[in-house]
Amino acid sequence: MNNRKDSIYDSITKEQLWLIFGISGFIGLLIYMVCYGPSLLDVTNDGWLLSGGDLMQHYVGWKAFRSSPWHFPIGMTDGLLYPDQTCVVFTDSIPLFAIFFKLLSPLLPETFQYFGIWGALTFILMGGVSGVILRKFTKNPALCVIGSVFFSFSPYVIQRMYSHTALAANWIILLAIAIWVYKPWFNTFKRKTIAWTLLIVCGSLIHIYYIPMIMIFMIFSCVQDFLDEPVPRRLRSGKQGWLWDIPMGVIAVAVDLVILYSVGVFSATASMEDGGLGAYSSNLNVFINPLGKGIFLPSLPHNPGQDEGYGYLGLGILILLGLSAILWAGTFILFVLRSIKSRNDLGQKDSRSNGGHLAGNPSAGNAFAVKRLLSALGGLIREHSFVIAMFLAWLAAFILALSPVITYGKETLRIIDYPDIILKVLNIFRSTGRFVWCCCYIFMFFAVITIVNRLRWFVIAAPILLVTSVIQVADLGTYALVRGDMASSAYREPIIESERWEELAQGKEHITYVPFSIIKTTYDDDALYEFANFAVDHDMTVNFYMAARVYIPDRNERDGEVRQALAAGEGDTATLYILDSRKTGEEYGMTTEVVDGIVVGYYE
């Protein structure tokens, strides 16, 4: 199992890769259509996006961004944190699509949503990219297509799609693996730099959690370069070895930082760090714990919040891993037996040829043995550098996923005492459990590749993959259909029902919550999203929105400014005030009324 240039790689053609990508991607599209139906692909159908929850947050974020004039940074949005701006990255509105479609906005219908297209594209890319990766390990395209089903039907994509929609783009992880696997093609400084830079930028413009995930694979692909050849030989040869990986990484990170700045990630209204580190980690039982999403295995104990670190592999993959373990155990036993026989034969030969010389010089014999051992070890490391580096990537991702609180079931086993600088970085990515996806896809590829690579006969490998893929779909199918139905038929009773709201909005430019958190604390996030949607539709602003990484001290300061102005008799006639009570409005001399159970104040 390697990523070098071999007979399999030499048999690959671009036409064949496109064919595998197309067929595997089409299977992914079929899975999407079965789960979610075609109605979500109607770009003018946004009813399912207005039923509350995170999905409504993403869609309203896109609507506000689209209606805002262009700024620099280009991802800044007006009207959701008035008088400040927020970045489209923090409304999880898939900035890559949001910026692209905003450029096309004059050509688009008044109501336009891209989340249906995004979902279909995600399933297509999950199937297509995985099929292309598998082709590097087998000459049989049919096995690639069958194996891609496990990735098209990814449990983690199903879990995230149309909840944390941007995070469903697990094909970003697959592309990182693909760049690494196709090392013979990405074998120059230019190609590697372009590939990794574009991927990190793309991942950043989808969701910032993909940045460290991509970097795990990029870093350990560089580790493989280091293992492939000793340093002295690299320095003498002058080839583009692992030393060139250093400027490659610097360029990729530097370009990404420029892009992030240009989009507005480092804007003043955002706080990069977030609370809750340790609560959203993975559990040591993560790979076999379905958390109620599978039908065959029972759910295992876990802590609240660890659904963020969901990494159940599915019964089909677990069976393949068991078969893979048996196959590799057999291979290892054969290797040991052959090594013993070879060593005995070599020892007899050495004793005959060197016996006279070494017998009188034991230290020379020991030095010779050590030198041979080191040479053999170095050769073994170089031969299996891909597997070693990939295992290290798996280990790094798993440690991050468990960090900093390592748990098994409900029991805390250890709290890792990281230095403050590492904790600051981890606080940016507080839902560390998501890193387990990297581990899961490495496991999935290992299982499928072992079958297609070790069982080279199609009549054996194909039935095994087909049967286990059916088991996988059966295990997770009910959950997938439920998730699809939740999205396609979503409905929630609206909070804003009275026609009085339309009358109150006449001539108004702003909706201001007093205090700013009143809607969230008195009602819920859905009320916040609904008022923001109402404001966008009526060319109004709101002074608070549940975007990620909102810097709350800024909101408190703005809230104080609003209260100070009201207390000074400087209320705004162009503003609708949402109040915690009628008493508050009366204290500030407002006209107040209750509409749909919500206290509204305004100045005549």
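The values are calculated or read from the model by the stated rules, or taken from the named source; none is laboratory data. Computed from a prediction, not measured in an experiment: that's the story for all the values here. Glycine gets a Cβ as well: all are built from the backbone with ideal geometry, and neighbour counts include every protein chain shown. Just the protein is used for accessible areas: all its heavy atoms, side chains included, with ligands, DNA and RNA removed. Shrake-Rupley method; radii C 1.70, N 1.55, O 1.52, S 1.80 Å.
Below, the figures for the structure above:
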| item | result |
| --- | --- |
| Cβ-Cβ under 6 Å pairs, at least 6 apart or on other chains, the stretch 453-465 side open to solvent by 60 Å² or more (accessible area, probe 1.4 Å) and aromatic (F, W, Y), far side at pLDDT 85 or above and not in a helix (DSSP H, G or I) | F458/N140 |
| Filter result for S67 (farther than 27 Å from L260 by Cβ and either in contact (Cβ under 8 Å) with a residue 12 or more places away in the chain or open to solvent by less than 40 Å² (accessible area, probe 1.4 Å) (or both)) | no |
| Selection count, the stretch 403-425, where residues are of a type outside the set (V, I, T) and either open to solvent by less than 10 Å² (accessible area, probe 1.4 Å) or assigned to a loop (DSSP other than H, G, I, E, B) (or both) | 7 |
| Residues satisfying the stated conditions in the stretch 166-199, i.e. β-branched (V, I, T) and open to solvent by less than 10 Å² (accessible area, probe 1.4 Å) | I172, I173, I177, V181 |
| Test: residue in the stretch 321-342 that is part of a loop (DSSP other than H, G, I, E, B) and at pLDDT 95 or above | no |
| Helices (runs of 4 or more DSSP H) enclosed by the stretch 478-583 - at least 2 residues per element that are open to solvent by 60 Å² or more (accessible area, probe 1.4 Å) and hydroxyl-bearing (S, T, Y) | 518-522 |
| Selection status of M272, modelled with pLDDT under 95, crowded, with 17+ Cβ neighbours inside 10 Å and not small (G, A, S) | no |
| Among residues of the stretch 136-158, those that are closer than 17 Å to G433 by Cβ and either at pLDDT below 95 or touching a Leu at 6+ places or on another chain (Cβ under 8 Å) (or both), counted | 2 |
| Residues that are surrounded by fewer than 18 Cβ atoms within 10 Å (Cβ to Cβ) and assigned to a loop (DSSP other than H, G, I, E, B), drawn from the stretch 200-233 | E229, P230 |
| Candidate set from the stretch 379-435 (those that are among the basic types (K, R) and touching a residue at least 24 places away in the same chain (Cβ under 8 Å)); member that is nearest to S299 (Cα to Cα) | K410 |
| Qualifying residue in the stretch 129-151 (condition: in contact with a Gly (Cβ under 9 Å, 6 or more places away or on another chain), more than 28 Å from R549 (Cα to Cα), β-branched (V, I, T) and assigned to a loop (DSSP other than H, G, I, E, B)) | yes |
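So that you can scan it fast, the table gives a plain yes or no per residue for (1) closer than 27 Å to M444 by Cβ; (2) without any contact (Cβ under 8 Å) to a residue 40 or more places away in the chain; (3) surrounded by fewer than 22 Cβ atoms within 10 Å (Cβ to Cβ):
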position: P73; (1), (2), (3): no, no, yes
position: M76; (1), (2), (3): no, no, yes
position: D84; (1), (2), (3): no, no, yes
position: T91; (1), (2), (3): no, no, no
position: F115; (1), (2), (3): yes, no, no
position: A120; (1), (2), (3): yes, no, yes
position: V129; (1), (2), (3): yes, no, no
